[in-house]
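Notes follow the structure.
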Amino acid sequence: MSEVLNHFLKYISFDTQSKENAEEFPSTEKQRVLAKELASELQAMKAEDVTVDECGYVYATIPATMEKQVPVLGFIAHMDTAPAYSGTGIKPRIVKNYDGGDIVLNEETGVTMRVSDFPDLLDYKGQDIVTTDGTTLLGADDKAGVAEIMTMAEYLLSHPEIPHGKLRIGFTPDEEVGRGADFFDVKGFGAEVAYTVDGGALGELEYENFNAASARVIIHGSNIHPGSSKGKMRNSLLMAMEFHGMLPVHENPMYTEGYEGFYHLDSMSGTVEEARLEYIIRDHSKEKFEAKKEFIKQAADYLNKRYPAGTVELILKDSYYNMKEMVEPHMYLIDIARTAMEETGIKPLVRPIRGGTDGARLSYMGLPCPNLCTGGHNFHGKFEFIPVQSMEKVVELLLKIVEKFTEK
């Protein structure tokens, strides 16, 4: 079994699902269990300055092996898995020498990953693919990134003859709920620049991401017995439907791609008396992002004029911003990563992230931090998969990037 696969299978056995809207940090204590395990492994590898802080962040140093001074480089991944789908009791399957056909994930339930739905599978014919059993997510987002960084660290620490500068490693909790950078100690981390290893398919290289906000819409109605409600009832569910109906249909994530932004209704609940809608708002363009937020405000204002004042309560909160303007002054990070990919036989796919990473917020905190691929596909659901050979290639890529930094 390859070293990176061994690490990956071990880490996904830890349930580290984070939790939305938790007051505690990290949002789930079970994330600390993996943090302690990673710290223990790093100490066994003879990494230096290994710590797990009070917030559950893991930090470590791979000391320099050469006298030449080069920028201190960081590698960062997150430990939590998404709350959107179960990460409990993951039972991975390894499909060896994949034949290019549909993959039955679970014979008992009949859950099947079909090539017609996921044509990217055909890119990995003849390779070994790790899948779920159709009942949980896999956790490649981002335990593949954790495993790849740990494998790189293990290799470098066991080969001190390889010349490189000082490297810093960071593993974060709660990235999936947008809080991964909340308490990251940028100053203590001490890196001048870094990469998150939190992307998708092999070759992805990203330094543009969405500007992001959340919108909570609370609609207050008035419940009267339907038999005598004429002129009295105000049904919050119907007003919620009216509110959503004002948003542009074509700016829904199922109709967008590339640089196109969207309004995404993430959840909706309620009764006649009160309804709640939870949205995420995304756009790469700062101007369009601000326009989207203004539009949703106007929709709320309109209903508050149409119905009694205070009917619609809007709580709008920015989450993170496009890292592009923070990374562009350090474009050598992209040039090094692109060259490293080419030299390791990986085709670079420089594209915008239709989402965000810890690196987006860290870039605005003073740590320029573009994003590298992990090799995974279909994150956050039962059809998640990752080829073993892609993980091995990412380890090669990280080592090559370290090598390239010796030339700075």
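The values are calculated or read from the model by the stated rules, or taken from the named source; none is laboratory data. Because the structure is predicted, anything quoted here is derived from the model rather than measured. Quick reminder, even Gly has a Cβ in these numbers, built from the backbone with ideal geometry, and neighbours come from all protein chains shown.
Working only within segment 133-154, note down all residues that are over 17 Å from Q389 (Cα atoms) and of a type in the set (S, T, Y).
T135, T136
Would segment 53-65 turn up any residue that is within 19 Å of the chain's Cα centre (by Cα), crowded, with 19+ Cβ neighbours inside 10 Å and aliphatic (A, V, I, L, M)?
Yes, segment 53-65 contains a residue that is within 19 Å of the chain's Cα centre (by Cα), crowded, with 19+ Cβ neighbours inside 10 Å and aliphatic (A, V, I, L, M).
Given G355, G345, which one is more than 30 Å from E242 (Cβ to Cβ) and of a type outside the set (A, V, I, L, M)?
Of G355, G345, the one residue that is more than 30 Å from E242 (Cβ to Cβ) and of a type outside the set (A, V, I, L, M) is G345.
Residues that are touching a Pro at 6+ places or on another chain (Cβ under 6 Å), at pLDDT 95 or above and crowded, with 20+ Cβ neighbours inside 10 Å: which helices (runs of 4 or more DSSP H) entirely in segment 314-408 hold 1 or more of them?
Here the list reads 324-327, 332-343.
Given E290, E294, E257, E251, which one is of a type in the set (D, E, K, R), surrounded by 16 or more Cβ atoms within 10 Å (Cβ to Cβ) and closer than 26 Å to R354 by Cα?
One residue alone meets the criteria, E251.
If D174 satisfies every condition in (1) at pLDDT 95 or above; (2) surrounded by fewer than 24 Cβ atoms within 10 Å (Cβ to Cβ); (3) at positive phi but one, which is the exception?
(2)
Scan segment 375-394 and tell me whether some residue there is of a type in the set (G, A, S), in the same structural domain as G139 (by TED's automatic domain parsing) and touching a Ser or Thr at 6+ places or on another chain (Cβ under 7 Å).
Within segment 375-394, one or more residues are of a type in the set (G, A, S), in the same structural domain as G139 (by TED's automatic domain parsing) and touching a Ser or Thr at 6+ places or on another chain (Cβ under 7 Å).
Could you grab me the full set of residues in segment 31-67 that are in a loop (DSSP other than H, G, I, E, B) and touching a Pro at 6+ places or on another chain (Cβ under 8 Å)?
C55, G56, Y57, T65, M66, listed by residue number.
Out of the residues in segment 197-234 that are buried (at least 21 other Cβ atoms within 10 Å of the Cβ) and of a type in the set (S, T, N, Q), state the one that is nearest to E278 (Cα to Cα).
N211
Residue check: is F8 aromatic (F, W, Y), assigned to a loop (DSSP other than H, G, I, E, B) and in contact (Cβ under 8 Å) with a residue 40 or more places away in the chain?
It is false that F8 is aromatic (F, W, Y), assigned to a loop (DSSP other than H, G, I, E, B) and in contact (Cβ under 8 Å) with a residue 40 or more places away in the chain.
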